[in-house]
Amino acid sequence: MAAILFLQFLQWFFLKAPLRILKNWKTVLLFNLEYFSLGVLLRTFFAPWKQIRWQRKRGFDPGDFLYVAGSNIISRWIGAGVRGSLIGLGIFAEIILVLGGMAILLLWFFLPIVIAVSIFYGITLLFV
């Protein structure tokens, strides 16, 4: 009975739990992409900031035309700057999550060794 229980533990520890960790890690990474709306930000990268646009008056006025064109270009550059910052922040967060997930997975496999060494070290501290 104890051998079967031990084999079930090994199966869970080395097969089922790492697969569950990977599945949850994938969910966190996909959530991060949705949280920062990276797809939407990339599609609308050069859209005007908060859809602020200037309209020309009727008739032809070169000064008004240059004012409206310049203002719309500035609005688009502001939008691109803000979106670029958010995209950079989202990619940075994604990199941190990837590294954190790898660390958790590695820690999971080294956890039995860490526990055994800690117990051995604790016992040796008792008798020193």
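Read-outs throughout are calculated quantities, based only on the coordinates presented, and are distinct from any laboratory measurement. Owing to the predicted nature of the structure, the values given are computational and were not obtained by experimental measurement. Every residue, glycine among them, receives a Cβ derived from its backbone with ideal geometry; neighbour counts consider all protein chains shown.
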query: Taking square-rooted eigenvalues a ≥ b ≥ c of the alpha carbon gyration tensor, is region 54-109 rounded, prolate or oblate, where a/c under 1.5 means rounded and, failing that, a/b exceeding b/c means prolate?
result: prolate
- prompt: Using helices alone, what [θ] at 222 nm do you get for the chain, with -39,500 (n - 2.57) per DSSP H run of 4 or more residues, divided over all residues and rounded to the nearest 500?
  reply: -27500 deg cm²/dmol
- prompt: With +1 on each Lys and Arg Cβ and -1 on each Asp and Glu Cβ, how big is the dipole of the chain about its Cα centre, in debye rounded to the nearest 20?
  reply: 540
query: Counting alpha carbon pairs within less than 8 Å and at least 6 residues apart, what relative contact order, in whole percent, applies to the chain?
result: 30
message: Only helices at least 24 Å long along their own axis, judged from Cα atoms, and with Kyte-Doolittle mean hydropathy of 0.5 or greater: name those in the chain from DSSP H.
response: 62-126
field: Potential lengthening between VAL128 and LEU15 on full extension [0.36 nm per residue; Cα-Cα distance subtracted]
entry: 36.8 nm
statement: Answer check: the chain, Cα atoms, Kirkwood Rh, Rg/Rh ratio of 1.40
statement: Env charge @ GLY101, Cβ radius under 13 Å, K,R +1 / D,E -1, value +2
